[in-house]
1. If you scan the range 99-115, which residues turn out to be out of contact with any Gly (no Cβ under 6 Å at 6 or more places or on another chain) and farther than 15 Å from residue 158 by Cβ?
2. Enumerate the pairs (first residue in the range 124-148 and at pLDDT 85 or above; second residue anywhere and of a type in the set (Lys, Arg)) with beta-carbon separation below 9 Å, excluding pairs fewer than 6 apart on the same chain, so at least 6 apart or on different chains.
3. Can you work out which of the residues in the range 85-105 that are open to solvent by 60 Å² or more (accessible area, probe 1.4 Å) and assigned to a loop (DSSP other than H, G, I, E, B) is farthest from residue 63 (Cα to Cα)?
4. Could you tell me whether residue 154 is over 20 Å from residue 41 (Cα atoms), surrounded by 11 or more Cβ atoms within 10 Å (Cβ to Cβ) and not β-branched (Val, Ile, Thr)?
5. Failed condition for residue 109, given (1) out of contact with any Cys (no Cβ under 7 Å at 6 or more places or on another chain); (2) under 20 Å from residue 37 (Cβ atoms); (3) in a strand (DSSP E or B), with all others met?
6. Give just the number: which of (1) closer than 18 Å to residue 35 by Cβ; (2) open to solvent by 60 Å² or more (accessible area, probe 1.4 Å); (3) at pLDDT 90 or above; (4) out of contact with any helix residue (DSSP H, G or I) (no Cβ under 7 Å at 6 or more places or on another chain) does residue 82 not satisfy?
7. Scan the range 86-102 and report the pairs whose first residue is over 15 Å from residue 46 (Cβ atoms) and whose second residue is open to solvent by less than 40 Å² (accessible area, probe 1.4 Å) and of a type in the set (Gly, Ala, Ser), with Cβ atoms within less than 6 Å and a gap of 6+ or a chain change.
Amino acid sequence: MLRVELDLLTGADALRTETYPLDVHRYLGFVVGDEQLGLPIGAVREVARVPPITEVPRAPRVVRGVIALHGRIVTVIDLRRRLGAPDLPPGEGCRVLMVPSGDEDVALLVDGVTRIHRVAPGDIEPAAALPGAPRPHVVGVARLGVERGGAPTLVVLADAAALARLP
């Protein structure tokens, strides 16, 4: 199959000739701190640059504030705060991922969007494979491609509803 894909990091088109089995699932890859995560493509309505964020007094700590996007006011959940990464102001590469939460959309603030991962069901380990205490937003861990050192790239597969949930 011949296809043209957009490299999300560089913005360049890349011509690919690849075939994928029918049971492969697609995940939008993104970064928060040192962690690589993925959300099912169908769970993300939009990826956008970060517009100005207005802080909300007395909001829960995970709420960075609100933004105006397409004429709507949208709550911004800071995934650095939710996942326990050091708190930093949004940088140039940061993006918001618009995901549904009840009757509204919520913007998940991430450090960057990497690429679309194609993951076969056999390449997904259960969430229990991660060391430490269980994390309610994790649904599994995907083993993707082998890096130069011989170790596979691991991507934490997350549940958009759990990440978007307000405390």
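1. Residues satisfying the conditions are 102, 103, 104, 105, 107.
2. Taking only residues 6 or more apart or on different chains, the pairs are 124/143; 125/143; 137/82; 137/165.
3. For the range 85-105, the residue satisfying everything is 92.
4. Judged against the criteria, residue 154 is not a match.
5. Result: residue 109 passes all but (1).
6. With (1) closer than 18 Å to residue 35 by Cβ; (2) open to solvent by 60 Å² or more (accessible area, probe 1.4 Å); (3) at pLDDT 90 or above; (4) out of contact with any helix residue (DSSP H, G or I) (no Cβ under 7 Å at 6 or more places or on another chain) applied to residue 82, the lone miss is (4).
7. 93/112
The values are calculated or read from the model by the stated rules, or taken from the named source; none is laboratory data. Because the structure is a prediction, the values reported are computed rather than measured. Here the Cβ is made from the backbone with ideal geometry for all residues, glycine too, and neighbour counts use every protein chain on show. Areas reflect the complete protein model, heavy atoms only, side chains present, ligands, DNA and RNA absent. Shrake-Rupley method; radii C 1.70, N 1.55, O 1.52, S 1.80 Å.
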